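Student: Got a structure for you, written out below as structure tokens; questions coming shortly.
The values are calculated or read from the model by the stated rules, or taken from the named source; none is laboratory data. If you're wondering where the values come from, they're calculated on a predicted model, not measured in any experiment. Because the Cβ atoms are built from the backbone with ideal geometry, glycine has one as well, and the counts that use them run over all protein chains shown. Heads up: the accessible areas ignore ligands, DNA and RNA and are worked out on the full protein's heavy atoms, side chains in. Shrake-Rupley method; radii C 1.70, N 1.55, O 1.52, S 1.80 Å.
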Amino acid sequence: MGLFRRSRQGGERTRVFFATDVHGSERCFRKWLNAAEVYEAQVLVLGGDLTGKLLVPIVADGGGWVAELHGEQVRAADDVELEALRGRIRMMGRYDLVLTAEERDRLQDPEHLKSVFRTVMHDGVARWMELLTQRLAEKDVAVFTMLGNDDEPELADVLRGAGAATYAEDGVVELPGGYPMVSVGFSTPTPWQTPRELPEDELAERIEGLASQLDDPARAVFNLHCPPADTHLDQAAKLDGDLRPVVDSAGPVMTSVGSTAVREAIERHHPLLGLHGHVHESPAIQRLDGTVCINPGSDYGDGVLRGAIVDLEPDKGVRTWQLVQG
Amino acid sequence: MAGPAETANTVAEPAAGTFARQSSGLVRDISPSSNVILNISFVSIPLAVLVATQAPAAFPGASPFWVTVICAVICIAPVMLYSLFMAVMPRSGGDYVFVSRTVHPWAGFAANFNITAWYLLVIAYFGYLLTPFGLSSAFTTIGVAADNDTLTRWGADVAASKGWQFAIGAAALILTAAMMSLGLRRMLKVQRAVFYLSLVGVAVSIVLLLLHGRADFVDSVARFGGDYDKVIVDARAAGYPGGGSFDLGNTLLAMPLAFASFGYAIVTSYAGGEVRSPRGSGRNAMLLALGISAVVVALLMALASRTFGNDFLGSATVLSNAGDKAYPFGAPSFFFFFVSMLTTSTLLILVINISFVLAIFVALPATFLIATRALFAWSFDRLVPEKLSEVDPRTRSPLIANGVVLAVTLVFLALIVFASGDFLAILYTAGLAELLTFIVVAIAGIVFPFRRKAMYENSPINRRVLGLPAITVAGVAALAVYVFFFISLATTDALGANASAGIRATVIIAAIALALYPISLAINRRRGVNLGLAFRELPPE
């Protein structure tokens, strides 16, 4: 779909639905596909971190299959039950993989596990993009996708191949209504050394490289996966050296994990809207120097699609915003 | 790598059966000791000892020991309910999130508004308690121990002075708000140290009570200018029937006094929900914290009964509460005051009395945080003005939310201190009013597996007990507990919760809570925002 073929559907108001960090949850992704219709949105944005983190082996076992969910063994006796089990695992935001006991044991090898994850992530995203095209190609909705820091870089090509969506990170794209959107899915370094991380100065450079192309930054949307530092949007549990949350007598100690580069870019360019994710436990909205910055958070593990509905208008900018849990 | 937990929102898997890749958010579980300490800090042991004096006074024959034990046991049901909810919706906000998602956002907001409003009153009460039960007790005991009449007089003066009560309470509230605005992280560090110090006073109390029997205490009373037997006789003359012999009925009736501490073992769900605890460790920590707190408080209660005698505790409290001239001490009747009478060491007296003051300083910021977080959550959901979640660009603190909480609590403190006794009576209704919220949560627990079927079936709490979903069973048990306490508080005059002023306040706050949501709905609709969409489930097909 060519982006600029889309006109200003729905008159002056452009309604954007933004969700992020679905992390392999089939349930959340399908909900996102249906969101444009339910929320009457003209624009769908998926803000990165599409791929899952966990893999549940379904092991062939004496004529049937067995998997472990929430510490309990779940058996599938025939093909119908196997499909139901696979569907249940996907809905929970995990990858399912049918294999033998020997193949399961091989997953203990970190390099082999990495390779298996690459395959299931690729297949999962490819399947989602097919579904996206089937569902949205004929709909009057502009769709934008992007990778996050947890997604392997090579998956960008899979997203680019989706006919009904625009890969947002390839340059400044324009939303219906004429609002330019700058997108960067990288995050600052994390303790987990995820695939798409950049130091603050390089992240700043990347954002600046796109922002400098804007004629009127005040009409722009900054779709930056990492939230601005020291805000309501970037509060995560502080971890000790053993990756355990630090707790005191008032609860887990929360700390800022956002990006100063993102914050400075917003404070320098004053865009209309900042769309962020990355920190699941920090759903919030905060104005930074007049820019409405939103992190809808993520509850993908519960199959709940957290998102933000934002109405843009030429004269008012961000007319309204609303966090939803669909 | 296998078997990690994750920050927020994801289901942590057991060590076997699942493989994880290197990705952000994968963290280990909170250490068991930290988890237990976190939960114990919400069951404030120094505050729970109020049962020792208030139970035998209000319910002659009630055993503080059995009040503690029975109450702690039945509070297992609410702990189970909240821990199950936390396992499926690991999000700070407690009832607001549970009820909004399960029943309706209107019910969730009303329930949360109700309990937050009463928490604000409780914050003010914490400020008020500092003077009579902290400073007065400390001055009096140190004055007697050091033979310093000035200190002893100060003890009596500050207890009687409304000006001091307000000034010290207001200073504590302003200090809390200022530190939360200027250095939250530093304050939380201080709070942890304060929490441990407060437990030192409890430990010293246990040792003193173990070392000293009734005869020593009788001597101590004499040293403080009183007469042990005369206190009992005077209380009889004032109408107190005597609390020496055990009365099971009155013991059960007194349980709401202990529920004020143990019933709040679930408060972690408001503050500790950002990190999901896998494999039931969160639930175990809550239960262990409840158990440890109950054992410590029960031990204190048993020792108090042995050393002070329930008859004396009831008699002294009746005289003290009534302001009877026959009450022989400068400081009000209070557990830590009586314990500190057992020693002449100024240092130990300080430690014991400070433990109560410190316990208040542990509870103050924690409750303050719960209130401000509620304001943020409502603001993010557009139920209250956006201003309430604004962050000051210079301090990067939510000054407006902190200011609102401070202003409201200062007004409440002034009303507690200076208004007629009616306002203090309203405070006694807090327990009853907060139960309204707990009851809604219990109902949400009962219906959760049926109203949010998909979420329940794919959750780690998808377990059955007696053929029913475990959370439904826990909800029914918690509802029974909450209804029991609600009826107790509503029908037992001695608890003071059913005073007409308190009931009026309960109805007014509940009505405001219920009215605000539709008002907000209408205001937002005019702006083009449909709040009805906030929790509408999208089709997952």
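Student: In segment B:146-158, what count of residues is obtained for those that are open to solvent by 30 Å² or more (accessible area, probe 1.4 Å) and assigned to a helix (DSSP H, G or I)?
Tutor: Residues flagged as open to solvent by 30 Å² or more (accessible area, probe 1.4 Å) and assigned to a helix (DSSP H, G or I) within segment B:146-158 amount to 8.
Student: Across segment B:497-533, what is the total count of residues that are outside any helix (DSSP H, G or I) and open to solvent by 10 Å² or more (accessible area, probe 1.4 Å)?
Tutor: Residues flagged as outside any helix (DSSP H, G or I) and open to solvent by 10 Å² or more (accessible area, probe 1.4 Å) within segment B:497-533 amount to 4.
Student: Could you please let me know if A:G52 is of a type outside the set (A, V, I, L, M, F, W, C), at the interface with chain B (Cβ under 9 Å from one of its Cβ atoms) and open to solvent by less than 10 Å² (accessible area, probe 1.4 Å)?
Tutor: yes
Student: Which one of A:G177, A:G209, A:G171 is without any contact (Cβ under 8 Å) to a residue 60 or more places away in the chain, of a type in the set (G, A, S) and either outside the structural domain of A:T145 (by TED's automatic domain parsing) or at positive phi (or both)?
Tutor: Of A:G177, A:G209, A:G171, the one residue that is without any contact (Cβ under 8 Å) to a residue 60 or more places away in the chain, of a type in the set (G, A, S) and either outside the structural domain of A:T145 (by TED's automatic domain parsing) or at positive phi (or both) is A:G171.
Student: Could you grab me the full set of residues in segment A:78-103 that are over 25 Å from the mean Cα position of the chain (by Cα), open to solvent by 20 Å² or more (accessible area, probe 1.4 Å) and under 29 Å from B:M455 (Cβ atoms)?
Tutor: Scanning segment A:78-103 gives A:D78, A:D79, A:V80, A:E81, A:E83, A:A84, A:V98.
Student: On to the next question. What number of residues within segment B:464-479 are open to solvent by 60 Å² or more (accessible area, probe 1.4 Å) and either of a type in the set (D, E) or part of a helix (DSSP H, G or I) (or both)?
Tutor: Number of matching residues: 1.
Student: Quick check: anything in segment A:279-286 open to solvent by less than 30 Å² (accessible area, probe 1.4 Å), modelled with pLDDT of 95 or more and within 15 Å of the chain's Cα centre (by Cα)?
Tutor: No, there is no match, as no residue in segment A:279-286 is open to solvent by less than 30 Å² (accessible area, probe 1.4 Å), modelled with pLDDT of 95 or more and within 15 Å of the chain's Cα centre (by Cα).
Student: Which of the residues spanning segment B:57-91 are under 21 Å from B:P449 (Cα atoms) and of a type outside the set (A, V, I, L, M, F, W, C)?
Tutor: Listed by number, the residues that qualify are B:P78, B:Y82, B:S83, B:P90, B:R91.
Student: So is A:A41 over 13 Å from the mean Cα position of the chain (by Cα) and open to solvent by less than 30 Å² (accessible area, probe 1.4 Å) or not?
Tutor: Yes: the conditions hold for A:A41.
Student: In addition: Any idea which residue in segment B:132-145 is least open to solvent (accessible area, probe 1.4 Å), counting only those that are within 27 Å of the chain's Cα centre (by Cα) and aliphatic (A, V, I, L, M)?
Tutor: Filtering first and then ranking leaves B:A138.
Student: Same structure, new question: Show me the helices (runs of 4 or more DSSP H) found entirely inside segment A:85-187 where at least 3 residues are among the basic types (K, R).
Tutor: Of the helices (runs of 4 or more DSSP H) lying wholly inside segment A:85-187, those with at least 3 residues that are among the basic types (K, R) span A:110-136.
Student: Of the residues that make up segment A:241-251, is at least one crowded, with 19+ Cβ neighbours inside 10 Å, at pLDDT 95 or above and either within 12 Å of another protein chain (Cβ to nearest Cβ) or touching a helix residue (DSSP H, G or I) at 6+ places or on another chain (Cβ under 9 Å) (or both)?
Tutor: no
Student: Quick one: A:D151 ticks every box in (1) open to solvent by 10 Å² or more (accessible area, probe 1.4 Å); (2) within 14 Å of A:G48 (Cα to Cα); (3) within 14 Å of chain B (Cβ to nearest Cβ) except a single one, so which number is it?
Tutor: Here A:D151 clears every test but (1).
Student: Tell me yes or no: at least one residue of segment B:506-516 is polar (S, T, N, Q) and either within 14 Å of chain A (Cβ to nearest Cβ) or within 18 Å of B:I426 (Cβ to Cβ) (or both).
Tutor: yes
Student: Okay, moving on. Suppose we filter B:F450, B:F438, B:F368, B:F412 for residues that are in a helix (DSSP H, G or I), open to solvent by 30 Å² or more (accessible area, probe 1.4 Å) and closer than 27 Å to B:L50 by Cβ; which single one remains?
Tutor: Among B:F450, B:F438, B:F368, B:F412, only B:F412 is in a helix (DSSP H, G or I), open to solvent by 30 Å² or more (accessible area, probe 1.4 Å) and closer than 27 Å to B:L50 by Cβ.
Student: Give segment B:207-222 a look and list any residue that's open to solvent by 30 Å² or more (accessible area, probe 1.4 Å) and aliphatic (A, V, I, L, M), or say none.
Tutor: Within segment B:207-222, B:V207, B:L210, B:L211, B:A215, B:V218, B:A222 qualify.
Student: For A:V304, work out the one condition from (1) surrounded by fewer than 24 Cβ atoms within 10 Å (Cβ to Cβ); (2) more than 23 Å from A:E12 (Cβ to Cβ) it doesn't fulfil.
Tutor: Unmet condition: (1).
Student: Given the options A:T255, A:T231, name the one that is open to solvent by 20 Å² or more (accessible area, probe 1.4 Å), touching a strand residue (DSSP E or B) at 6+ places or on another chain (Cβ under 9 Å), of a type in the set (S, T, N, Q) and on the phi < 0 side of the Ramachandran plot.
Tutor: So the residue among A:T255, A:T231 that is open to solvent by 20 Å² or more (accessible area, probe 1.4 Å), touching a strand residue (DSSP E or B) at 6+ places or on another chain (Cβ under 9 Å), of a type in the set (S, T, N, Q) and on the phi < 0 side of the Ramachandran plot is A:T255.
Per-residue answers, yes or no, for (1) within 11 Å of chain A (Cβ to nearest Cβ); (2) free of Cβ contacts under 8 Å to residues at least 60 places away in the same chain; (3) closer than 30 Å to A:T291 by Cβ:
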| position | (1), (2), (3) |
| --- | --- |
| B:P332 | no, no, no |
| B:S340 | no, no, no |
| B:T343 | no, no, no |
| B:F356 | no, no, no |
| B:I360 | no, no, no |
| B:A377 | yes, no, yes |
| B:V384 | no, no, yes |
